[in-house]
Amino acid sequence: MLRVTPGERVALAALDPSATPGGPPDKAAALAATARLAEPLASLQERLYAASTAGDRRRVLLVLQGMDTSGKGGTVKHVIGHLNPSGCRVRAFKAPTEEERAHSFLWRIEKALPLPGEIGIFDRSHYEDVLVARVRELVPRERLEGRYARINRFEEALADDGVTLVKVFLHIGYEEQRARLLERLDNPDKHWKFSPGDVDDRAAWPAYRRAYELALERCSTAAPWYVVPSDRKWYRNWAVAKLLLEHLEAIGPQYPPGDFDVQECRERLLAT
């Protein structure tokens, strides 16, 4: 229901950001359902990490993209909070540094990838270089167009190396974003989360929407995109947790067998 079909035209304006496809009927039910996902998520994460100790190179990378206030940080808090932090690698990508700008746009991404057995979470990602770069015209259009193909090749290489990509676009509505920005302005404790540039970006909402549509359309081959309606935070958290669980279940990690004589070790231990 949420997956973007490769080759399919995406029209975000036609997708209701307050919808709850396939989800619990209300907030209370969603909170309970999300809580029930915690144990199987933690179990699968442990098995994934354990398998890596025996040479299994598989790992997961959750990519979160969305407009300001769409809930990237909130998703990390409420979904990844169920996991063991020692097995997670969380990276929030801001504007590139001077050093990062001196390299290919994928350079800083490659440095932040999860190791075998880990679950990586990107708050923004390599897609910023076909989103912000497109809207603000930071690079020539011909170079921008070539980045879609580079991203597809990059993600294909990741899949070949054992990385399961879960790419989520958090779809928030224009009116809901205004409400969330006003909430930040009205609460001094949230002023640190507000930037005057957020208001400027709202003026470019149609351009950002089109940039996202192009990214969803052109880069759903190596790993599909999932469009998660995000006006309702409780549905957003449940949907992302469910997607992560389904992908971990598909990997099916198993605890590796011991490479020692269990009975001999038991006898030695009992003798101490």
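Keeping to segment 14-28, report how many residues are among the hydrophobic types (A, V, I, L, M, F, W, C) and either surrounded by 12 or more Cβ atoms within 10 Å (Cβ to Cβ) or not in a helix (DSSP H, G or I) (or both). Reasoning before the result, please.
Taking segment 14-28 and keeping what is among the hydrophobic types (A, V, I, L, M, F, W, C), we get 14-15, 19, 28.
From what's left, either surrounded by 12 or more Cβ atoms within 10 Å (Cβ to Cβ) or not in a helix (DSSP H, G or I) (or both): 15, 19.
The total comes to 2.
Of the residues in segment 72-103, how many are assigned to a helix (DSSP H, G or I) and among the hydrophobic types (A, V, I, L, M, F, W, C)? Explain how you work it out, then say what you get.
Initially, segment 72-103 is screened for residues assigned to a helix (DSSP H, G or I), giving 72-82, 85-87, 98-101.
With among the hydrophobic types (A, V, I, L, M, F, W, C) added as a condition, the list becomes 76, 79-80.
Going through segment 72-103 one residue at a time, the tally reaches 3.
May I ask you to list pairs of residues, at least six apart or on different chains, whose Cβ atoms are under 7 Å apart, with the first in segment 40-61 being in contact (Cβ under 8 Å) with a residue 60 or more places away in the chain and the second being surrounded by fewer than 16 Cβ atoms within 10 Å (Cβ to Cβ) and among the hydroxyl-bearing types (Ser, Thr, Tyr)?
Short answer, once both residue conditions are applied: ARG47/TYR255; ALA50/TYR255.
With the condition kept exactly as written, say whether any residue in segment 40-57 is in contact with an Asp or Glu (Cβ under 8 Å, 6 or more places away or on another chain), at pLDDT 95 or above, within 30 Å of ALA179 (Cβ to Cβ) and not β-branched (Val, Ile, Thr).
no
Restricting attention to segment 140-179, and to residues there that are in a loop (DSSP other than H, G, I, E, B) and touching a residue at least 24 places away in the same chain (Cβ under 8 Å), which single residue is nearest to the chain's Cα centre (by Cα)? Spell out the reasoning first.
At the first step, the residues of segment 140-179 found to be in a loop (DSSP other than H, G, I, E, B) are 140, 161-162, 172-173.
When the remaining residues are screened for being touching a residue at least 24 places away in the same chain (Cβ under 8 Å), the result is 161-162, 172-173.
Details: ASP161: 19, GLY162: 17, ILE172: 15, GLY173: 19 Å.
Top of the filtered list is ILE172.
Read through the list (1) modelled with pLDDT of 95 or more; (2) under 21 Å from the mean Cα position of the chain (by Cα), then give the number of the only condition that ALA207 fails.
Only one criterion in (1) modelled with pLDDT of 95 or more; (2) under 21 Å from the mean Cα position of the chain (by Cα) is unmet by ALA207, namely (2).
So ILE109 ticks every box in (1) modelled with pLDDT under 95; (2) buried (at least 18 other Cβ atoms within 10 Å of the Cβ); (3) under 21 Å from GLY162 (Cα atoms) but one. Which box is left unticked?
Looking at each condition in turn, ILE109 falls short on (1).
Test each condition in (1) in a helix (DSSP H, G or I); (2) open to solvent by 30 Å² or more (accessible area, probe 1.4 Å) for GLU137 and report the one that comes out false.
(1)
Filter segment 29-65 for residues that are aliphatic (A, V, I, L, M) and not in a helix (DSSP H, G or I); which is most open to solvent (accessible area, probe 1.4 Å)? Walk me through how you get there before you give the answer.
Kept after step one, since they are aliphatic (A, V, I, L, M), are these residues of segment 29-65: 29-33, 35, 37-38, 41-42, 44, 48, 50-51, 54, 60-64.
Checking the rest, the ones that are also not in a helix (DSSP H, G or I) come to 54, 60-64.
On the way: ALA54: 73, VAL60: 1, LEU61: 1, LEU62: 1, VAL63: 0, LEU64: 0 Å².
Among them, the one singled out is ALA54.
The values are calculated or read from the model by the stated rules, or taken from the named source; none is laboratory data. Just so we're clear, the structure is a prediction, and the values are computed from it rather than from any experiment. With ideal geometry, Cβ positions are generated from the backbone for all residues, glycine too; neighbour counts draw on all protein chains shown. Heavy atoms of the whole protein, side chains included, go into the accessibility calculation; ligands, DNA and RNA do not. Shrake-Rupley method; radii C 1.70, N 1.55, O 1.52, S 1.80 Å.
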